[in-house]
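One structure is given below, encoded as structure tokens.
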Amino acid sequence: KLLEYGLNNVLQMTKAAEDVKNASVYLSTISDDIKLISNQSRIVSINASIEANRAGDHGRTFQVVSQQMTELSEDVRKLTLSIDSSLDSVNQKIDLNKVLCGKVEKLFTNLNSELEEFRKQMMRVEELSVLQVDQLKQTEIKLTKEVTSPHQIFKQSPNRKDYLTANH
């Protein structure tokens, strides 16, 4: 049961890592969308700067707004690059986690198989032990029936006359 519990936890960790990976992919698409908006904002600010220059002194305020939009667009671009870098790092760690979980899952599976094989071998040893005990009991019973007393052994011995004459 402990192995099943461990294996289930590893499978849940793998699933959780997969869920995080999917969320990371989703965040990556959002980051790509933000980059697009940032690039469009940069283009709009460049166009606004061109128009502000054409307007001369009348476009000076518009030039300031254009400059701020360019800076804002650049800040957003830097943030999305930072987000992308963080997401790449997270994805690498998720991939490593999945590999490690796969190894642990394989370890639990192999350990479970080995324990099952060991259990079968121990059952076989127990069966053989019971058989040996039964055989020993049968041998004891047989010997007890065959040899009931030392006197009977002496009577059944073919050399008993030689024994008697040699010892008297």
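Overall, the chain carries a charge dipole of about 1000 debye about its Cα centre when +1 sits on the Cβ of Lys and Arg and -1 on the Cβ of Asp and Glu, all other atoms neutral. Taking a straight line from the alpha carbon of residue 15, these lysines sit under 26 Å away, with near neighbours fewer than eight places off in the same chain left out: 1, 93, 98, 103, 106. Around the Cα centre of the stretch 60-121, unit charges on the Cβ atoms of Lys, Arg, Asp and Glu (plus for the first two, minus for the last two) sum to a dipole of about 60 debye.
Fully extended, how many nm does the chain gain between residue 143 and residue 109 (0.36 nm per residue separation, minus their Cα-Cα distance)?
Result for the pair: 7.2 nm of gain on full extension.
Each principal axis of the chain carries a Cα extent, and these read 152, 26, 15 Å when sorted largest first. Here's the picture: charge each Lys and Arg Cβ at +1 and each Asp and Glu Cβ at -1 in the chain, and of 23, 136, 87 the one pushed furthest to the positive end of that dipole is 136. Rolling a 1.4 Å probe over the protein heavy atoms gives the stretch 1-155 an accessible area of 79 Å² per residue.
The values are calculated or read from the model by the stated rules, or taken from the named source; none is laboratory data. Because the structure is predicted, anything quoted here is derived from the model rather than measured. Note: ideal-geometry Cβ built from the backbone for every residue, glycine included; neighbour counts use all protein chains shown. With ligands, DNA and RNA removed, areas are computed over all heavy atoms of the protein, side chains included. Shrake-Rupley method; radii C 1.70, N 1.55, O 1.52, S 1.80 Å.
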